[in-house]
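Taken together, the values in this text are just the output of simple stated rules run on the coordinates, not laboratory data. Fair warning: this is a prediction, and the values are worked out from it, not measured in the lab. As a convention, Cβ positions derive from the backbone with ideal geometry for all residues, glycine included, and neighbour counts pool all protein chains shown.
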Amino acid sequence: MSAYAGVMNDADNHYYEPDDCFTRHIETEYKTRTVWHDRREPGQPARMYVGDERCRFFSVATGDNIGPPGIMKDFLRGTSDEGGSPSLNPINALEVPEFVNREARLAKMDAQGVDKTLMLPTTGVGVETTLALPQHREVLYPSVRSFNRWLEEDWGYGSEGRIYGAPLISLVDLEQGLEELDRLIVQGARFVCLMAGPIEGRSPGEPHFDPFWARCQEAGVNVVFHIGSTSVQPAYNQAWGLRPVPPSHRNSMMEYLLSFTDRPVVDTLTALIADNVFGRFPDLRVLSVEYGASWVAPLLTKLHHISRLHSKDMWRFGTPPAGPVELFKKHVYVSPFFEDDVVALSARIGPGRVLAGSDYPHPEGLAEPKEFAEELVGLPADQTEQIMRTNFDALVA
């Protein structure tokens with residue numbers, strides 16, 4: 001257990017979704033066309049489908065055959081060569097109460113010393129690329145709405161001040177996306193998950209999407225980019241003769257490097273800066289969660305260099321009010337991997353923009369979230385407190 005004495009806030013927690021997370025609240029005419037699980041092979045992980053097509057990113061149920069919390073910790077910290085698979089010593093996650101039940105999770109949080117948490121999808125971050133295909137497009141928004149209603153019912157959006165569920169938003173159809181965002185704001189959502197990458201051939205920073213950013217700013221909704229399936233995958237992979245959407249955890253080296261590590265969030269945040277979103281919406285806040293942090297310093301170095309070279313003719317939608325580095329440090333919050341150099345990240349973007357996140361209960365995360373403080377050795381106590389607690393408090397104040 002960490003020596004951190006306080007109660008922390010965790011900016012990266014997950015549930016494992018039940019089979020009916022997309023079907024429970026969907027309209028009858030879409031029930032057989034949305035995301036569903038085929039459990040007709042006893043003893044085998046359920047296969048995931050969208051209608052009659054196998055899901056591309058998550059081809060099997062995410063919780064059926066997964067390693068327990070923190071099983072990869074020593075491997076990722078470089079202290080062991082064993083445990084490089086998320087399916088090491090697999091369990092059925094749907095049978096663990098705190099992974100699937102809000103009250104059990106609150107009790108677990110009490111035992112872990114966690115006060116508040118951002119609760120994020122597991123399956124939910126891997127389906128939009130399939131749902132947005134032409135043959136499934138009609139069921140995209142019914143599926144998103146149904147998932148979010150399940151989330152409201154099972155986990156909530158933080159009305160009790162502790163578990164802040166982050167519903168899904170898609171901007172493939174801006175009008176329908178705004179309609180769902182407005183509904184979520186009324187329901188009290190403080191975070192929304194937006195898939196990283198371009199949207200139907202457009203940068204998310206184009207003024208076309210300003211109504212979305214405006215509503216988020218006005219309502220104080222924090223926009224979360226979390227690792228998962230993205231529109232970047234087919235765009236980047238097919239150009240190299242690779243699979244458009246490789247299955248999760250079964251990417252080739254080139255597929256992984258091109259489109260499943262930090263490339264999607266790097267390009268998306270660059271687009272928001274380059275297209276002056278933060279100039280038009282000076283109070284907007286976005287989060288990068290589970291993309292790590294090794295990309296931050298190189299990106300900021302490159303953006304600063306480019307902006308100095310081409311400062312007068314490089315802005316498509318107006319000149320920003322500050323340089324790219326300053327805009328990033330004002331508007332972007334990063335929840336790094338525990339195995340990153342978190343102290344260096346804090347020095348680069350400021351401790352006020354770093355969020356402790358355990359990725360609990362995923363195998364690549366921490367079984368004890370407060371162990372994140374072990375990565376903060378050398379920081380002053382007030383900066384440790386910012387990262388472990390008060391930065392998150394400010395996001396939900």
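Computed values, structure above
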{"item": "Cβ-derived FRET efficiency at R0 25 Å, Ala297 paired with Val396, nearest 0.05", "result": "0.35"}
{"item": "Normalised alpha carbon radius of gyration of the stretch 172-286 [divisor 2.2 N^0.38 Å]", "result": "1.13"}
{"item": "Over the stretch 263-373: Kirkwood hydrodynamic radius from C-alpha pairwise inverse distances, Å", "result": "14.8 Å"}
{"item": "GNM flexibility winner over the chain from Val354, Val325, Val342 (Cα, springs under 10 Å)", "result": "Val325"}
{"item": "The stretch 1-57 versus the stretch 58-75: alpha-carbon centroid distance in Å", "result": "13 Å"}
{"item": "Calculated from backbone phi, Karplus (6.51, -1.76, 1.60) coupling profile of the stretch 98-105 in Hz, x at Gly/Pro", "result": "6, 8, 10, 10, 5, 5, 5, 5"}
{"item": "Per-residue Cβ neighbour rank within 10 angstrom, fewest leading, Tyr4, Tyr15", "result": "Tyr4, Tyr15"}
{"item": "Cα-centred dipole magnitude for the chain, charges only on beta-carbon of K, R (+1) and D, E (-1), debye, nearest 20", "result": "860 debye"}
{"item": "Phi to ³J(HN,Hα) by Karplus 6.51 cos²θ - 1.76 cosθ + 1.60 over the stretch 381-395, Hz, x for Gly, Pro", "result": "4, 5, 6, 4, 5, 4, 5, 7, 8, 6, 4, 5, 3, 5, 5"}
{"item": "Calculated from backbone phi, Karplus (6.51, -1.76, 1.60) coupling profile of the stretch 167-174 in Hz, x at Gly/Pro", "result": "x, 7, 9, 10, 10, 4, 10, 4"}
{"item": "Segment Ala322-Asn89, extension gain: residue separation times 0.36 nm, minus the distance between their alpha carbons", "result": "78.9 nm"}
{"item": "Net length gained if the chain between Leu106 and His310 were fully extended (0.36 nm per residue, minus Cα distance)", "result": "68.3 nm"}
{"item": "Estimated FRET transfer efficiency when R0 is 30 angstrom, pair Arg183-Asn65 (beta carbons, to 0.05)", "result": "0.30"}
{"item": "Cβ-defined net charge surrounding Trp150, 15 Å radius [Lys, Arg +1; Asp, Glu -1]", "result": "-2"}
{"item": "Largest to smallest principal axis extent of the C-alpha atoms in the chain, angstrom", "result": "61, 50, 44"}
{"item": "Cα convex hull of the stretch 1-54, projected area averaged across orientations, nm²", "result": "6.9 nm²"}
{"item": "Highest average packing first - 258-266, 149-157, Cβ atoms within 10 Å", "result": "258-266, 149-157"}
{"item": "Cβ-based net charge around Ser80, under 14 Å, with every Lys or Arg adding one and every Asp or Glu removing one", "result": "-3"}
{"item": "Positive minus negative residues near Ala111 (Lys, Arg vs Asp, Glu; Cβ under 12 Å)", "result": "0"}
{"item": "Prolate/oblate/rounded label for the stretch 120-195 (Cα gyration tensor, a/c 1.5)", "result": "prolate"}
{"item": "Potential extension, Glu175-Trp240 segment - 0.36 nm per residue separation minus Cα distance", "result": "20.0 nm"}
{"item": "Proxy reagent accessibility, fewest Cβ within 10 Å first, across Asp313, Asp359, Asp275", "result": "Asp313, Asp275, Asp359"}
